[in-house]
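Okay, so here's the structure we're looking at.
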Amino acid sequence: MQLELPDGDSIDVEQGTRVIDVAYDIGKGLGDATVGATLDGELMDLRDEITREGTFEIITVDSPQALEITRHTAAHVMAQAVKGVFDDVELAIGPAIDDGFYYDFDMGHSLSEEDFDAIKEEMENIVESDYDVERYSMPIDEAREYLEEQGEEYKVELLEEFEEEGETELTFYRQDGFTDLCRGPHLQSTGQLKHFDLLDVAGAYWRGDEDNKMLQRLYGTAFTSQKDLEEFITRRKEAKERDHRRLGPELDLFTFHPEVGPGLVYWHPKGAEMLNVIKDFWREKHREAGYDFVSTPHIGKSDLWQKSGHLDYFREDMFPPMEEENQEYFIKPMNCPFHIQIYQSRTRSYRALPLRWAELGTVYRHERSGVLHGLLRARGFTQDDAHIFATPDQVKDEIIGVIDLTFDILSAFGFDDYEIALSTKPEKSVGEQGKWDKATESLRQALEELDLDYEVEEGEGAFYGPKIDVHLEDALGRLWQTTTVQFDFNLPERFGITYTGSDGREHQPYMVHRAILGTLERFFGILVEHYKGAFPVWLSPLQAVVLPVTADNNEYAEGVAEKISDAGIRVEARTDQDEQLSRQIHEAQLEKIPYMLVVGDNEEGTGEVSLRLRTEEDLGPRPLDEFIEFAKDKIDEKALL
């Protein structure tokens, strides 16, 4: 057989030759560095036999493609180490993931970071021993018997899935005395694993089902170079310091209280103040863009959700129903059916379209406790929701308007780097093909008319229509999906909404779902992490604090604060503090208050304030009016400081 290499050359191999043997035939150095291969882009284990011709590329330990294989082996090394350090350990699953790998264990000992040193030391011993990683197979019945003998109940349960898939032979990988059921691929030996670390431990239900046992999930990461590992650890440390779940309570913005209900946020005065600033700005921008505001109930009869399709497609994400007079009511997971009710309340003419209706609508979804993640994944959240009802010939301009509004709003929050995706019709969908084609083309034309770069994600649209998603990039280079613009053929058809056209006949309008910030809670969490809690002045819950040098300066401090407040600046005079001035300044910096105004006898005598920034810069004394003008300019500019 002939294999074509990436450089255009080709080599002849016998059918059934293993990947690793091909590598060694080319050269010993290449063979020693080989961790796998691809044949026509399909990943192969280095132990796989080559059975057909194609484009063949060897993966060496320092190539980007080696990362998944390296991490897969690292998961096995970690599992072997855990079994070596602790008794009575049962294995569940241990895959490679985007940032590393994990393994789920059922064990008596409660893992913590205090155990990391012992586990890492054992992992290092396994790596230094450079055990060969061997692969062998067993018939599925023998595999079941073997795993039952080993007491690996979770692995036995996994065999059911393999049987359903029609597999009769299962592969195992062995290194020294450790054996694991696995499809691979893996490194040649444990010695090829050199750059790894342990990261976290968490609880995880077996198979993600809350009715199953809670296991212990140990996370780690591995890279093919020490430089990449160190850069990852540095980024991860920075991400931890920015974690909104830590900063939110520290800055007195919000808290969660699981004893009352998991995934439900409690906004403190400072957080609510900042949230209101965001809402006011959002409303202002929407008014300018020609939107009208609506407000809808929080619950609706089951008939509504049946008609909308939510009970068919979304039931398990909805909270259980409430019953009143033999009628079931559901708390709303989405706002769209309510907006349609408003549309249907009267006859609509083409002359009245487009209708742009926006609502900051709070919805509730029964997210599983294992996926809750602070503000980024909550059970109760407020969507910056809007629906546009338009005629077919209006759609492109409406989409352009949404995208323009998106960039106008997001740039005010300091986000200017984006990735945009256009998602097309999935395999399972509703609506006529002609409507899909026209809607998709409208989205495409809008993006191209705005001269925006975008990726096409084939088949990734919603079942009810194509969509545009905007992912913004934060200070750490992480991408977050916020804005989504989605066509919907499903709800207009289900509810039979129409408008009277210029021909006097009834036509079905195009319905566009769109959210710009996504949800206020999630966007708030993104802001916290992006700015590390040091928000731009216009967003800061408290924009200035007046600090009297002594109690004798309290009256002047309060007068200064009153004048600043009258100018529309959020300010507080701390005249009830007994601490030394240096301590007050330090605490204000920890609170990340943009401006600290120190007032003592000198300032009181001249009618000035001494301005300090949260960045510890001391800008010295200046007239109060000058500070007010300076601060208002910064707020109007939406500057950071």
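Values quoted throughout were computed directly from the atomic coordinates according to the rules given, and no laboratory measurement underlies them. Everything quoted here is computed from the prediction, not taken from an experiment. We place every Cβ from the backbone using ideal geometry, glycine too, and count neighbours over all the protein chains shown.
Points to keep in mind about this one:
- Cα-based Rg / Dmax (Å) for the chain: 30.3, 95
- GluC sites (Glu not before Pro) within segment 380-468: DSSP coil, no more than 14 neighbouring Cβ in 10 Å: Glu427, Glu432, Glu458
- For the chain, calculated [θ]222 nm from helices alone, where every DSSP H run of n ≥ 4 adds -39500 (n - 2.57): -11000 deg cm²/dmol
- Put simply, the amide H of His366, placed in the peptide plane, has neighbours under 5 Å in Met318, Phe319, leaving out anything fewer than 5 places away on its chain.
- Residue order, fewest to most beta carbons within 10 Å, for His298, His507, His310: His298, His507, His310
- Cross-linked pairs Lys279/Lys632; Lys396/Lys425; Lys279/Lys563; Lys120/Lys227; Lys237/Lys634; Lys270/Lys592: Cα-Cα separations exceed 23 Å for Lys279/Lys563; Lys237/Lys634.
- Degrees separating the helix 624-637 axis from the principal Cα axis of the chain, which is the longest one: 50 degrees
- Protection proxy ranking, peptides 384-393, 552-561, 73-82, average beta carbon neighbours within 10 Å, highest first: 73-82, 384-393, 552-561
- A simple rule links phi to the HN-Hα coupling: the Karplus curve 6.51 cos²θ - 1.76 cosθ + 1.60 with θ = phi - 60°, which for segment 148-164 gives 5, 4, 7, x, 8, 5, 5, 5, 4, 5, 5, 4, 4, 5, 5, 5, 4 Hz, with x for Gly and Pro.
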